[in-house]
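Data first, discussion second: the structure below is written as structure tokens.
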Amino acid sequence: MKKVKIAGREVFPIGLGTLKMGDKSNKFDQEIKAIQMGLDNGVQVIDTAEMYGDGNSEHLIAQAIKPYLYNREDLFLISKVLPSNASKKQLPISLDHSLIRLNVDYLDLYLLHWQGSIPLQETVEALEKAKNQGKIKAWGVSNLDTDDIEKILTFPEGANCAANQVRYNLADRGIEYDLIPVMSKQEIPVIAYAPVDRCDSSGTGLTKQNVLKEIAETHQADIFQILLAWCIRNGETIAIPQSSNPAHVFNNVKAAEIQLTQQDLEQIDTIFPKPVTKQPLALW
Ligand SMILES: NC(=O)c1ccc[n+]([C@@H]2O[C@H](COP(=O)([O-])OP(=O)(O)OC[C@H]3O[C@@H](n4cnc5c(N)ncnc54)[C@H](OP(=O)(O)O)[C@@H]3O)[C@@H](O)[C@H]2O)c1
């Protein structure tokens, strides 16, 4: 299992997404158990955002990571600021609200959720200020394509960009063409969202693919685990599948133990080829 270097740490390559969690009170117990199942089996990264359930996801995470249960230093908490709040004036307010909802005094990583109308340089300055105040350990971005990452790298503190969170799974390999090479050169890891393609909700049929089924059988795994093992295969990507089901979370975490062979990877490439031209960045 390859840990991933991010923001001066080395973390477990599977994290927990929480996009749709914390919205329904009758699901709280199960969702808290799902998060704790991940943490009890090695997960460190938890991904949330002020946008998720308008703060509900951050509230739920606070319940799952109570200080008497987990050491804050073992966790790697990520939250995100909405583009409309990413100004010098508003970002510190959004950040404080996220810290209060999460009941922590710092974030490990704070991301610009996507680019809006506020200039990137202003947001980067606000993020650097928050970092200097100790409210975040590092900052990064989400849903930015190659040209914007290159732009950020020209800013005075742009090289401090610690991650880009983008959609990445076998059905969305476009970022391998130019975004990953640029990020890799700067040692900026990918945080892969929708790594199991939202359980086929976009209609790609990934989780029913025969070649993946055969590969899964040889590893005594299921297809979801193969999708995740593929995402994290190079040690430069953290996958953040979301699941409210503790048994699914357990399986997802165990995917970190699967080492795909060269033959597996070649077989996968024949069905889901690497991009050979620039692709529009896959979103949402
Ligand atoms: N930065 C951004 O703009 C952005 C955008 C989207 C998402 N994200 C982040 O990325 C996270 C993950 O993305 P996502 O939630 O869109 O998609 P995803 O993780 O690819 O898919 C989540 C779906 O897959 C199911 N699932 C997960 N593991 C499974 C397993 N082992 N077996 C069966 N079903 C399984 C879940 O259902 P069950 O609950 O039934 O397991 C859920 O319906 C989000 O939660 C969020 O934190 C970020």
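Coordinate-derived values only; no laboratory data. Just so it is clear, the model here is predicted, and its values are computed rather than measured. So basically every Cβ, Gly included, is an ideal-geometry build from the backbone, and we count neighbours across all protein chains shown.
Assorted remarks:
- When shorter helices are ignored and each DSSP H run of at least 4 residues is given -39500 (n - 2.57), the per-residue value for the chain at 222 nm works out to -10500 deg cm²/dmol.
- Segment Asp29..Gln90, full-extension length gain: 18.6 nm, with 0.36 nm per residue of separation and the alpha-carbon distance subtracted.
- With semi-axes defined as the square roots of five times the eigenvalues of the C-alpha gyration tensor, the equivalent ellipsoid of the range 96-250 measures 32, 19, 13 Å, largest first.
- With Cα atoms defining each centre, the range 226-284 and the range 82-161 are spaced 27 Å apart in the structure.
- Note on Asn160 and Trp284: the model spin-label points, each 7 Å out from Cα along the C-beta direction, lie 3.2 nm apart.
- The per residue volume of the convex hull around the alpha-carbon atoms of the range 4-271 is 122 Å³.
- With each label modelled as a point 7 angstrom along the Cα→C-beta vector, the Ile271-Glu10 pair spans 3.3 nm.
- Most mobile listed residue (Asn252, Asn26, Asn143) in the chain, GNM with C-alpha springs under 10 Å: Asn26
- Kirkwood-based Rg to Rh ratio, the range 191-284, C-alpha trace: 0.94
- Taking Cα centre as origin and charging only the Cβ of basic (Lys, Arg, +1) and acidic (Asp, Glu, -1) residues, the dipole magnitude of the range 4-271 rounds to 680 debye.
- Exposure proxy ranking, count of Cβ atoms within 10 Å, fewest first, for Tyr68, Tyr52: Tyr68, Tyr52
- Kirkwood hydrodynamic radius over Cα pairs of the range 154-243, then Stokes diffusion coefficient at 10 °C and 1.306 mPa s, in µm²/s: 113
- Highest to lowest packing among 228-237, 125-134, scored as the average C-beta count within 10 Å: 228-237, 125-134
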